[in-house]
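Coordinate-derived values only; no laboratory data. This structure is a prediction, so every number in the text was calculated from the model and none was measured. Glycine gets a Cβ as well: all are built from the backbone with ideal geometry, and neighbour counts include every protein chain shown.
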Amino acid sequence: MLIVALTGNIASGKSSVARLLAARGARIVDADVLAREVVEPGSAALGEIAARWGKGVLLPDGRLDRAALRDIVFAAPAELEALNAIVHPRVELRRRALVAQARAEGERVVVCDIPLLFEKEMERSFDVVLLVDAPEALRRERLVDERGLSGEEADRMIAAQMPSAAKRARADIVIDNDTSLAQLEQRVDEVWNELERRSRTARIS
């Protein structure tokens with residue numbers, strides 16, 4: 001089984017690439033989905049978050065107020081690191097379990113969508129590292145126009161991440177997502193063919 005890490009900075013289009021790869025037959029393990037699961041009401045992680053940042057980061061129904069927490073952690077690197085220390089280990093345990101399940105079920109290609117892959121120095125755990133990238137100005141525009149963030153919020157979120165140039169140098173395959181959906185689909189087709197080829201080689205070896 002070929003285990004692929006899919007990563008990319010915010011608003012690069014990583015989720016779109018994940019959907020396209022899933023449509024072509026990849027099993028997707030999405031760290032963002034897992035991160036939401038591990039902070040559900042009643043979870044130990046949510047309890048730790050509320051203990052550190054107070055009940056102001058909770059909605060009236062007890063769920064996490066993501067916008068409130070985002071305002072806190074993206075304003076201070078130490079706070080963001082503290083949040084990652086609570087959430088990341090639990091996400092990683094769940095990811096490993098899902099990858100093991102996929103292996104037992106005979107999957108050929110498993111794609112793990114991990115936003116903080118390089119920040120957490122996890123790339124050596126994967127057979128292939130796939131980076132989705134787009135120019136910073138375009139990513140900022142997407143955050144403002146598509147996600148409704150203010151320019152200041154978008155700038156803070158972009159600044160909190162490792163520059164994409166550093167990530168490009170460490171990736172095995174790069175998908176540039178700065179043109180049309182049709183061209184993105186064409187590029188994903190090329191990448192999927194390469195991943196299938198590598199998965200066959202992995203089975204033979």
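The table that follows gives values for the structure above.
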{"item": "Centroid-to-centroid separation of the range 89-134 and the range 44-72 [C-alpha atoms, Å]", "result": "27"}
{"item": "Convex hull volume of the range 131-205 per residue (C-alpha atoms, cubic angstrom)", "result": "105"}
{"item": "By average C-beta atoms within 10 angstrom, highest first, the peptides 140-148, 155-163", "result": "155-163, 140-148"}
{"item": "Hits among lysines - C-alpha to C-alpha of Lys167 under 17 Å, sequence gap 8 or more where chains match", "result": "Lys14, Lys120"}
{"item": "Overall Cα dimensions of the chain - principal axes, largest extent first, Å", "result": "53, 39, 27"}
{"item": "Value at 222 nm in deg cm²/dmol, rounded to 500, when DSSP H runs of n ≥ 4 in the chain each add -39,500 (n - 2.57)", "result": "-17500 deg cm²/dmol"}
{"item": "Interchain or long-range residues, amide H under 5 Å from Val132's placed H", "result": "Thr7, Gly8, Ile175"}
